[in-house]
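Worksheet for the structure shown next.
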Amino acid sequence: MYYQIDTMQASLTAGYFQKENNKAWTLQDGHLILEDERPLIKSPWRCSVEPPEEGLVFKDFYANVKFMSKRLVEKLQNAGVDNLEIFPAEVTNTKTGEVNTDFVAVNIVGLVSCAVMDESQAEPLATTNVFHDLVIDPKKIHGIHMFRLAESPMIILVSEQVAKALQASNFTGFTVVPVKEVT
């Protein structure tokens, strides 16, 4: 069984994250950043956040900027995920100037083409698909614990082993939702 990391329900009390550097790097195409490209990356990855009126409550995952808390990355790795490329990161509160270093920028290396398009409900959008009802073929995954869906790289899928580890923890900013599979 596979699960989707769903960030659509994330609370807005997390504030709005704005990339400050490395804006050309989306960390969404599933490819490893090559050694000759590494000098182009400014370290640490920096974002600023403008806190909402009710105050700032940090979440563990920010899909828009590909930031994860260090404790989330540790849990993923302990659950068997071995395809994360990790970069130091900083988040600056625009109101107080406080800098939070509890996050890293994460590149999930690996695209897997496993969507069953004739059983899924999807609409094409530019070079990708927007899924309203995703059906996957688990035989095409070959035991990978975490990956981006090749048919829509914004979608992150995890194995049941990883999903259970995440569900047993108190993470915020995302939920894990079962994905339909062909039998």
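Between the beta carbons of N83 and T175, assuming R0 = 22 Å, the FRET efficiency works out to 0.50 to the nearest 0.05.
If you average the sequence gap of Cα pairs under 8 Å that are 6 or more apart and divide by the length of the range 2-181, what percent do you get for the contact order? The value is 31 percent. Return the lysines within reach of K70: Cα separation strictly under 28 angstrom, same-chain partners fewer than 8 residues apart disregarded; answer none if there are no such residues. Hits, sequence-local ones excluded: K19, K23, K42, K59, K95, K164. Distance between the modelled labels on T26 and A126, one decimal in nanometres: 0.5 nm (7 Å Cα→Cβ projection). Report the residue, chosen from Q18, Q28, Q121, that carries the largest GNM mean-square fluctuation when the chain is represented by alpha-carbon nodes joined by springs under 10 Å. Evaluated over the chain, the most mobile residue of the options is Q121. Applying the criteria of a DSSP loop state and at most 16 other Cβ atoms within 10 Å to the GluC sites (Glu not before Pro) of the range 99-160 yields E119. Each Lys or Arg adds one and each Asp or Glu subtracts one; over the other residues with Cβ under 13 Å from the Cβ of N64, this totals +4. Taking the Cα centre of the range 2-181 as origin and assigning +1 to Lys and Arg Cβ atoms and -1 to Asp and Glu Cβ atoms, the resulting dipole is close to 340 debye.
Among the trypsin sites (Lys or Arg not before Pro) in the range 18-95, those located in a DSSP loop and surrounded by at most 16 other Cβ atoms within 10 Å of their own Cβ are K23, K42, K95.
A Gaussian network model of the chain, with springs between Cα atoms under 10 Å, assigns the largest mean-square fluctuation among S69, S48, S169 to S169.
Report for the chain the percent antiparallel among DSSP-assigned beta bridges with both residues inside it, nearest 5. Here the antiparallel bridges make up roughly 80 percent for the chain.
Other residues with beta-carbon under 13 Å from the beta-carbon of S48 carry, at +1 per Lys or Arg and -1 per Asp or Glu, a net charge of 0.
Comparing N22, N170, N107 in a Gaussian network model of the chain (Cα springs below 10 Å), the most mobile by mean-square fluctuation is N170. Cross-link partners for K139 among the aspartates and glutamates, with Cα-Cα distance under 20 Å and sequence neighbours closer than 8 places in the same chain left out: D82, D118, E119, E151, E160, E181.
Please find the FRET efficiency linking S113 to K70, where r is the Cβ-Cβ separation and R0 is fixed at 25 Å, and quote it to the nearest 0.05. My answer for the efficiency is 0.20. The relative contact order of the range 96-183, computed from alpha carbon pairs under 8 Å that lie at least 6 residues apart in sequence, is 28 percent.
Quick note: the coordinates plus some simple rules give every number you see, no bench work behind them. Computed from a prediction, not measured in an experiment: that's the story for all the values here. Cβ coordinates were reconstructed from backbone atoms using ideal geometry, including for glycine residues, and neighbour counts include every protein chain displayed.
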